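Structure record follows, encoded as structure tokens.
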Protein chains: 4
Amino acid sequence: MDAPRSAPQDPAFAERVRASFALQGAMHTIGATLAEIAPGRVVIALPWRQELTQQHGFLHAGIVATALDSACGYAASTLMPAEAGVLTIEYKINLLAPARGASFRMEGVVVKAGRTISVTEGRAYALHEGSEKLIATMGATLMTITGRDDIKH
Amino acid sequence: MDAPRSAPQDPAFAERVRASFALQGAMHTIGATLAEIAPGRVVIALPWRQELTQQHGFLHAGIVATALDSACGYAASTLMPAEAGVLTIEYKINLLAPARGASFRMEGVVVKAGRTISVTEGRAYALHEGSEKLIATMGATLMTITGRDDIKH
Amino acid sequence: MDAPRSAPQDPAFAERVRASFALQGAMHTIGATLAEIAPGRVVIALPWRQELTQQHGFLHAGIVATALDSACGYAASTLMPAEAGVLTIEYKINLLAPARGASFRMEGVVVKAGRTISVTEGRAYALHEGSEKLIATMGATLMTITGRDDIKH
Amino acid sequence: MDAPRSAPQDPAFAERVRASFALQGAMHTIGATLAEIAPGRVVIALPWRQELTQQHGFLHAGIVATALDSACGYAASTLMPAEAGVLTIEYKINLLAPARGASFRMEGVVVKAGRTISVTEGRAYALHEGSEKLIATMGATLMTITGRDDIKH
């Protein structure tokens, strides 16, 4: 997936993403960290943990989605104005294989950066026994929010 | 949303769902509990917690999806044979309003219970200041898995 | 599916929907007609035709989606201001059963009527040998467009 | 989007796809043609026609989806056994820009070719005033059907 050639409107996009990520209780709870922040592209790393499993011991699909949704949302955020907030309108996730692995990598990439609506694609990979496997794909639609004090960054 | 009139194939469907739910580390971690189990319909309850928030203090969309996905998956499971496992193929979630509230109720209902493929719909409600608000809708596709030791219930 | 209690902002919503529908070459080509227009709810009727089939002789999934997408879009349009246009941002369709039947009924219902974003649900039914069967469900997200001369109604 | 490295199980996959496509009344009606058939990848071409428009004169989103769904379905079909049929379980489409153009190109690519479930991604491009523009993305889930006389190819 190629990121669009859009230049970021906010030169401090990476600091903005890091500050917002630090405020997400959910990311801390699941142990997710920011692995890469580039214009139109964000990667999140996530280790496997027993507390995040479904009944077969794989990572719960919802946890995969939680981290992938954040990767997509922050990818969109990198191309938004400094003062804008981002809200997820919807996403769809396809679970291609059980989330079996020691750790996981979630990539979000912007497909379209619109003034109001941005569209992103996400891919989740499991790192398992030395190889990397695509386990999920996501399509997410996000909205740029401006002028609302309760929705910032 | 009306559940289809299908009778459950496994009379012990509720016990089966409870036993499987108890194995989900993720449900325990996010504080979700089973509130209702009926043929073709499962409700999960979830209190708000700081550890599950996104950057604005609302419940993270991925956590809403995690609980809603489980409600949908278990709703499908109630109509499956006793020995079957269930895997989520894909889901889509629309986030209608910020997940602001003291607690949340996630309903999953079966729209079609097929031999291999089941289709469900989910709705998430926030309980906030004495009223209930629809905050998310989900459409999820699930697969009945039989004869695999690693995918049971 | 219950329509939200929103009252239409434009008392002439039905005439507006009829006028816009008449401009859709695609609806004419596939033989679709407006069967019902209510606030937050639109029904489209569609007879089976050989020209609209896939390789097994069923109605092509894309044609089901075309009519269902229009039902959803016009359902959203009924609750929009008189001067607003509507654009589909995305939709997802689940095909529950082959589209086998003499005719089809597509219902679109508004789940959330927001200022910018509306969310709708659609259901397609096949009328086959005297009974009606649910063959597809849709979730569609639409955007209210104002102040653009190329996007009206 | 890279196609998976899977080799086709049926060496006559291209002839099989062409024969099936020829049976689709809907493809003939909308003027779609097969532009490319490779293992895990199919491209469909579609000229703009007044009969396929929505109310603003753009190609109707449902028609874009119809052709894109076929591209995805046939992409999956190229990697299936000779005797298998393919049915679309669900798809989601994001409409990134109005379908304005003289002609359109729809690409379907396989992301996962499973025994029962295949997952594909589609992209629709408009050819407009000498340049090509991405106007829609799709994620589609398909099912391999065997042993049913009514669902072949």
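A simple packing score, the average count of other Cβ atoms within 10 Å per residue, orders the peptides D:58-66, C:114-122 as D:58-66, C:114-122, with the highest score first.
What does the net charge come to around C:Ile37 if you take all other residues with beta carbon closer than 15 Å to its beta carbon, with K and R at +1 and D and E at -1? Please list the in-between numbers first.
On the way: positive: C:Arg16, C:Arg18, C:Arg41, C:Arg105; negative: C:Asp10, C:Glu15, C:Glu36, C:Glu107.
Charge balance in the 15 Å sphere: 0.
Averaged over the residues of B:82-90, the number of partner chain Cβ atoms lying within 10 Å of the residue Cβ comes to 6. Averaged over the residues of A:118-127, the number of partner chain Cβ atoms lying within 10 Å of the residue Cβ comes to 2. For the rotational copy relationship between D and C, the axis lies nearest to a chain D beta carbon, identified with its distance in whole angstrom as D:Lys92, 2. Under 1.5 on a/c is rounded, so check that first for the protein assembly as shown, then, if it is not, pick prolate when a/b is larger than b/c and oblate when it is not; a ≥ b ≥ c are the square roots of the alpha carbon gyration tensor eigenvalues. Taking the square roots of the gyration eigenvalues as a ≥ b ≥ c, the protein assembly as shown is rounded.
Report the residues of region C:75-114 in range of a label on C:Glu36: point 7 Å along Cα→C-beta, backbone N strictly under 16 Å from it. Flagged as within label range: C:75-76, C:78, C:104-111. Local charge for D:Ala65 was computed over the other residues whose Cβ lies under 13 Å away, with Lys and Arg +1 and Asp and Glu -1, and equals -1.
Distances between copies of B:Arg115, taken at a point 7 Å out from Cα along the Cα→Cβ vector and listed shortest first: 1.6, 5.3, 5.4 nm. About its Cα centre, the dipole of chain D is roughly 160 debye, where the only charges are +1 on Lys and Arg Cβ and -1 on Asp and Glu Cβ. Packing-based ranking of D:28-35, D:86-93 yields D:86-93, D:28-35, ordered from highest to lowest mean Cβ neighbour count within 10 Å. Pairing chain A with chain B buries about 2900 Å² of accessible area. This figure sums both sides and uses a 1.4 Å probe. Highest mean packing comes first when the peptides A:140-146, A:97-103 are listed by Cβ atoms within 10 Å, giving A:140-146, A:97-103. Take each residue of peptide C:22-35, count the partner chain Cβ atoms within 10 Å of its Cβ, and average: the result is 5. Across the copies of the chain, C:Leu23 has label points (7 Å from Cα along Cα→Cβ) spaced 4.0, 4.1, 5.7 nm apart, shortest distance listed first. Local charge for A:Glu90 was computed over the other residues whose Cβ lies under 12 Å away, with Lys and Arg +1 and Asp and Glu -1, and equals +3. Rounded to the nearest 500, the 222 nm mean residue ellipticity of chain A from helices alone is -6500 deg cm²/dmol, with -39,500 (n - 2.57) taken per DSSP H run of at least 4 residues. Within the set A:Lys112/B:Lys92; A:Lys92/C:Lys112; A:Lys112/D:Lys112; A:Lys133/D:Lys133; C:Lys112/D:Lys92, which residue pairs have Cα atoms separated by over 27 Å? In this structure, A:Lys133/D:Lys133 exceed 27 Å between Cα atoms.
Using bins of 5 Å that start at zero, the share of Cα-Cα pairs per bin across chain B amounts to 2, 11, 20, 23, 20, 12, 7, 4, 1, 0, in whole %.
The values are calculated or read from the model by the stated rules, or taken from the named source; none is laboratory data. Values in this document were obtained by computation on a predicted structure and should not be read as measured data. Here the Cβ is made from the backbone with ideal geometry for all residues, glycine too, and neighbour counts use every protein chain on show. Only protein heavy atoms, including side chains, enter the accessible area calculation; ligands, DNA and RNA are left aside. Shrake-Rupley method; radii C 1.70, N 1.55, O 1.52, S 1.80 Å.
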